[in-house]
Number of protein chains: 2
Amino acid sequence: MTNIQEIAQRAGVSPSTASRALSGRGYVSEEKKQRVLTAAAELDYAPNLNAVSLKTGSTRRIGLVAPRFTEPLSLFTTGLVHSAEENGYTVTLFMTGLNAAKEVEALEALRRKQVDALVFVMFQSDLSLIADYVKYGPIVCWQRVIHEAIPSVFMNQYDGYMLALEHLYERGYRRICNVYGATQRLNTQSRMEAFADFCRKYDLDPLACPSFENRDTARDGEQIVRWWLENGRPADAFACTNDWVASGIIAEARRLGLRVPEDFAVCGFDNLDFAPLLDLTTIHYPVDEQASNAFAIIRSRIEDIELPTHPPRFRLVERLTT
Amino acid sequence: MTNIQEIAQRAGVSPSTASRALSGRGYVSEEKKQRVLTAAAELDYAPNLNAVSLKTGSTRRIGLVAPRFTEPLSLFTTGLVHSAEENGYTVTLFMTGLNAAKEVEALEALRRKQVDALVFVMFQSDLSLIADYVKYGPIVCWQRVIHEAIPSVFMNQYDGYMLALEHLYERGYRRICNVYGATQRLNTQSRMEAFADFCRKYDLDPLACPSFENRDTARDGEQIVRWWLENGRPADAFACTNDWVASGIIAEARRLGLRVPEDFAVCGFDNLDFAPLLDLTTIHYPVDEQASNAFAIIRSRIEDIELPTHPPRFRLVERLTT
DNA sequence: TTGTACGCGTTATCAA
DNA sequence: TTGATAACGCGTACAA
């Protein structure tokens, strides 16, 4: 491999002059600069980025740490890579399967200078363990997290869920069945708060219809339809954990000959790719904007500059299931 | 940052001995090894991987080059990261948006030793351009490609499409409408060959029903339903480019009060995540196995060993739309 | 404006 | 089995 010394030699200058000419930093006379550039072209020179990283202490690489990279994360991934590449950064993946040991591997990659920073999407480890690593580089979370050293780009789902509830109310639904995800998650708790406030605002009985908890798959949705039939049709609308649950409800309803929204309304959450196919009314979640914020935070720390982050907003996407 | 010299000093050995003790390569007496290890633990030592890469010439990092990282690629990504991590490798993303200039950036990353190898999912550049870079490291393609220097893990879609056609035939459908993707793609051509052979085998008229070309979105599927209604219902089954087209057909049929499979059957391709929700019969495509093959090929070249690759097989997933 | 000299942190070579 | 020494390729302080 041809290196910068050979370029310097062929151009008849010193390696440092060659370095300056190639990187554009520092003073070089136009004449020598040209000599260096042509020499580099002739010898098919390419800088060794490992040497650059070793020398400068920066890799211009950030790590994305997630359980896996399928939906709905693929949008976040795509968004993060987009922001990163726009600024000359690159994204390296660490897949944990929600396994704490694998999470440590990603943190170690930061410590070993394989990446300059980390974006955690979701994790299982103790927050304090993760916080121990911020001394090696910035760490940002997608998951909602409260820690002064670890910024989070989460969105308060209170707002999004309220959007769904208000929409159902406006459409005349009064017996709303909440299908919640994992109860220990802060997101779920925010949604529960939203529902409580919603009931207070419109003077509704919060217990008019039972709720479900820890449901997040299409299969869960299917079961809920059968429950609904076997229990005297106790709801006229479902506000769902996510589009998967909503899809399960719709799919099973169709199999059983029920009609949406005549028999009951369904509102999803996330606006996944397939939501339009089911004509699913849902809450849109600007995941790419979150990714771009995550990158902005990282870049502002690494390069020690001020960068604006734009607070993302939930949006109701009205289709035919409500 | 504490480095290997400090470890050596504290353990009372030379840096080279410390290196051997830490890496496990070369002879070190048990006693000194222990001294080094405890010193490393006490000083909270972590090796600088940039220095290691510079010295050894290997990064244990491979690049994944794709237009974007949403479905159906997220499965390939996940599969590749899985295989890579199992073997101590890491995956870095390059998103091209099918832009040739961005593809060159990925190739340059290989040349500049940011990654040891590249996996191209899909590309627009001339194959010869890409082939110019194999001297810097192995390059493997997902896309079907014929080049001695660039192995491909493509699957011949002839087999998969034939599976779909045979299934439709067996179910009694005789007026099959083919919905093809981009005609210049080899995959599409394979499917066309499959259909020709299929007609020959069962003595069917290949022109009994018109075909569509260059269709690959849900919206395309929706249009096709309207075409079908306006043209005297000329088909009793649709063999689709992918699950998106199939979903579009099903969704639009439902909106128009048509019934699947009574009015017509629909067979998809890819078995995407949402296929079960639509009860879509489709052809399953073991993308993760392809990813694992891609990695096996790369590893066998990098480490100069023989690794088996397992030829992946298409599988018919029978649901309710046929 | 240019060149010398050094250091980034590690591993490989080779002689002892 | 160990240690001195060199080298990987680059950037940069400093002197000229």
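The values are calculated or read from the model by the stated rules, or taken from the named source; none is laboratory data. Computed from a predicted structure; not experimentally measured. Please note: Cβ atoms are built from the backbone with ideal geometry, for glycine as well, and neighbour counts cover all protein chains shown.
B:Ala239 meets the conditions (1) assigned by TED's automatic domain parsing to the domain that holds B:Ile297; (2) at pLDDT 95 or above in every case but one. The failed one is (1). Please determine whether any residue of segment B:4-19 is part of a helix (DSSP H, G or I) and closer than 25 Å to A:Phe94 by Cα. Checked segment B:4-19: no residue is part of a helix (DSSP H, G or I) and closer than 25 Å to A:Phe94 by Cα. For the residues B:Ala109, B:Ala117, B:Ala84, B:Ala149, the requirement of being surrounded by fewer than 16 Cβ atoms within 10 Å (Cβ to Cβ) and hydrophobic (A, V, I, L, M, F, W, C) singles out B:Ala149.
Going residue by residue through segment B:188-210, is there one that turns out to be closer than 28 Å to B:Ser292 by Cβ, without any contact (Cβ under 8 Å) to a residue 12 or more places away in the chain and surrounded by 15 or more Cβ atoms within 10 Å (Cβ to Cβ)? Yes - at least one qualifying residue is present in segment B:188-210. Per the listing A:Phe195, A:Phe154, the residue uniquely among the aromatic types (Phe, Trp, Tyr), touching a strand residue (DSSP E or B) at 6+ places or on another chain (Cβ under 8 Å) and assigned to a loop (DSSP other than H, G, I, E, B) is A:Phe154. Contact annotation: no residue pair with Cβ atoms under 9 Å, 6 or more positions apart or on different chains, pairs a residue in segment A:1-16 that is in contact (Cβ under 8 Å) with a residue 60 or more places away in the chain with a partner that is near DNA strand C (Cβ under 10 Å from one of its atoms) and small (Gly, Ala, Ser).
When each of A:Arg174, A:Arg144 is tested for being more than 30 Å from B:Glu108 (Cβ to Cβ) and modelled with pLDDT under 95, the lone residue that passes is A:Arg144. Scanning segment A:100-124 for residues that are more than 10 Å from chain B (Cβ to nearest Cβ), modelled with pLDDT of 95 or more and out of contact with any strand residue (DSSP E or B) (no Cβ under 8 Å at 6 or more places or on another chain) returns A:Ala100, A:Ala101, A:Val104.
Identify all residues within segment A:274-301 that are assigned to a loop (DSSP other than H, G, I, E, B) and in contact with a Lys or Arg (Cβ under 9 Å, 6 or more places away or on another chain); write none if there are none.
A:Asp279, A:Leu280, A:Tyr285, A:Pro286
Annotation for segment B:20-37: at least one member residue is near DNA strand D (Cβ under 8 Å from one of its atoms), surrounded by fewer than 18 Cβ atoms within 10 Å (Cβ to Cβ) and within 30 Å of B:Gln114 (Cβ to Cβ). Out of the residues in segment B:97-134 that are polar (S, T, N, Q) and part of a loop (DSSP other than H, G, I, E, B), which is farthest from DNA strand D (Cβ to nearest atom)? Going through the qualifying residues, I end up with B:Gln124.
I'd like to check something: does segment A:42-64 contain any residue that is within 16 Å of DNA strand D (Cβ to nearest atom), farther than 26 Å from B:Met95 by Cβ and among the basic types (Lys, Arg)? Yes: one or more hits. What about A:Ala11, is it over 30 Å from A:Trp142 (Cβ atoms), away from DNA strand C (no atom under 12 Å from the Cβ), away from every other protein chain (no Cβ under 14 Å) and surrounded by 19 or more Cβ atoms within 10 Å (Cβ to Cβ)? The answer is no for A:Ala11.
Taking segment A:150-186 as the range and being aromatic (Phe, Trp, Tyr) and closer than 29 Å to A:Gly79 by Cα as the test, the residues that pass are A:Phe154, A:Tyr158, A:Tyr161, A:Tyr180. Selection of segment B:236-274 for residues being of a type in the set (A, V, I, L, M, F, W, C), touching a Pro at 6+ places or on another chain (Cβ under 9 Å) and within 11 Å of another protein chain (Cβ to nearest Cβ) yields B:Ala251, B:Leu272.
Name every residue in segment A:20-61 that is in a loop (DSSP other than H, G, I, E, B) and polar (S, T, N, Q), in order of residue number. Listed by number, the residues that qualify are A:Ser29, A:Asn48, A:Ser58, A:Thr59. Within segment B:227-267, the set of residues being in a helix (DSSP H, G or I), of a type in the set (Gly, Ala, Ser) and farther than 22 Å from B:Gln157 by Cβ comprises B:Ala251, B:Ala253. With respect to the conditions (1) within 14 Å of another protein chain (Cβ to nearest Cβ); (2) buried (at least 18 other Cβ atoms within 10 Å of the Cβ); (3) near DNA strand C (Cβ under 8 Å from one of its atoms), A:Ile4 lacks only one, and its number is (3). From the list A:Leu49, A:Leu54, the lone residue that is surrounded by 21 or more Cβ atoms within 10 Å (Cβ to Cβ), without any contact (Cβ under 8 Å) to a residue 12 or more places away in the chain and within 13 Å of DNA strand C (Cβ to nearest atom) is A:Leu49. For segment B:79-96, the criterion of being in a helix (DSSP H, G or I), of a type in the set (S, T, N, Q) and either more than 7 Å from chain A (Cβ to nearest Cβ) or within 13 Å of the chain's Cα centre (by Cα) (or both) is met by at least one residue. Only one of the numbered conditions (1) within 16 Å of DNA strand C (Cβ to nearest atom); (2) touching a residue at least 40 places away in the same chain (Cβ under 8 Å) is not met by A:Phe76, and that is (1).
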